[in-house]
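Single-structure report; data block below.
Read-outs: derived from the displayed coordinates by stated rules, not from any lab. If you're wondering where the values come from, they're calculated on a predicted model, not measured in any experiment. Cβ atoms come from the backbone with ideal geometry, glycine included; neighbour counts cover every protein chain shown.
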Amino acid sequence: MKLLEGKTALITGGGSGIGRETARLFAEEGANVVITGRKEESLIEAAAADSGAIGYLVNDVSKEEDCKAAVEFTLDKFGKLDILFNNAGVIYKAETHDTTTEQWETTFDTNVRGMFLMSKYAIPHMLERKYGCIVNNSSILGLKASKGFAAYNSSKGAVSQLTKSMALEYAALGIRVNAICPGTIYTPMVEYVFEAWGDREMARQRYLSVHPIKRFGDTSEAARAVLFLCDDRVGFVTGVLLPVDGGLSAK
């Protein structure tokens, strides 16, 4: 029997990177999957990569009505919601005094408010069934800071604390809540970060050097960490901030 046979998962930011790979892996493991994101073309490509197990909805997690609609879409399509992977996120490279108010608000609206709203609308359905698994995509920067990313650092710190708060609130009610904290996983977002430094190769070498494993992570490795946290066989695991970082947090 496949690991997620009969389960339904909702994944935000599922059109690329970690979200897209997690959707593919979940479908491979037997789950029905709904992916959301702002770019329809990317969602269509991601959904088409699997034979019918992945549905999609164009959606912006910073908008409350969109978050509610994503949960309702999933329930209408598959009848239940077992797993929520809060993956959507944005990043801007700027130190505190150079961070615009718009950048700050956009970062928190997507990275924090979006996770809160998706969880807010998903949890009641999980409570009805006394079963649910929520995984948030935090970051290694939700555990330790890096200069030049004031808004992102702050937002991911909030995500880490939100994860722990929800884990405590629902631990006795059948819902587990955990987070992955990726280091440098090679995704379009990471490519943006390299370019934002102004010297792509310098930035690439800089990021490579801080990971003791001496390479970047692959989206498949991050996706398998999410899958691990959704495995009922590790049902005693909740409130965990799981580094997926090639040893960076051990330094």
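How high is the relative contact order of region 132-251? Use alpha-carbon pairs under 8 Å, at least six apart in sequence, and give a whole percent.
Details: 180 pairs, mean separation 41.7, N = 120.
With pairs under 8 Å counted, the relative contact order is 35 percent.
Between Glu65, Glu102, Glu41, which gets the highest mean-square fluctuation from a Gaussian network model of the chain, Cα cutoff 10 Å?
Top of the fluctuation ranking is Glu102.
How far apart, in nanometres, would the label points at Arg129 and Lys77 be if each is projected 7 angstrom from Cα along the Cα-to-Cβ direction?
1.5 nm
With 10 angstrom as the radius, rank Asp109, Asp218, Asp82 by how many other C-beta atoms surround their C-beta, starting from the fewest.
Asp218, Asp109, Asp82
Considering Cα pairs under 8 angstrom that are at least six residues apart, work out the relative contact order of the chain and quote it in whole percent.
Contact order relative to length: 19 percent.
So if we plug the beta-carbon distance of Lys214 and Ala145 into 1/(1 + (r/R0)^6) with R0 = 25 Å, what FRET efficiency do we get, rounded to 0.05? Can you show the working numbers first?
On the way: r = 23 Å, r/R0 = 0.90.
FRET efficiency, Lys214 to Ala145: 0.65.
Once you've got the GNM for the chain with C-alpha springs shorter than 10 Å, pick whichever of Ala49, Ala172, Ala158 has the biggest mean-square fluctuation.
In this elastic network of the chain, the residue with the biggest mean-square fluctuation among Ala49, Ala172, Ala158 is Ala172.
Could you tell me how many degrees, from 0 to 90 and to the nearest 10, lie between the Cα long axis of helix 150-170 and the main elongation axis, the longest principal axis, of the Cα atoms of the chain?
Between helix and principal axis, roughly 30 degrees.
Which residue fluctuates the most in the chain, going by a Gaussian network model with Cα springs under 10 Å, if the choices are Met118, Met202, Met189?
Met202
Counting helices only, and only those DSSP H runs with n ≥ 4, report the 222 nm mean residue ellipticity of the chain as the sum of -39,500 (n - 2.57) divided by its residues, in deg cm²/dmol to the nearest 500.
Taken over the chain, the calculation gives -14000 deg cm²/dmol.
Can you give me the orientation-averaged projected area of the convex hull built on the Cα atoms of region 63-184, in nm²? Kindly include the intermediate steps, with their values, before the conclusion.
Values: hull surface 30.3 nm².
Across all orientations, region 63-184 yields a mean hull projection of 7.6 nm².
Give me Rg over Rh for the chain, both radii from the alpha carbons and Rh done the Kirkwood way, two decimal places.
Details: Rg = 17.2 Å, Rh = 18.1 Å.
Using Cα coordinates only, the ratio equals 0.95.
Label 7 Å along Cα→Cβ of Arg233; region 1-21 residues with amide nitrogen under 14 Å?
It comes to 1-5, nothing else.
Along each of its three principal axes, how wide is the spread of alpha-carbon positions in region 29-103, in whole angstrom units, largest first?
The Cα atoms of region 29-103 stretch 47, 25, 21 Å along the principal axes, largest first.
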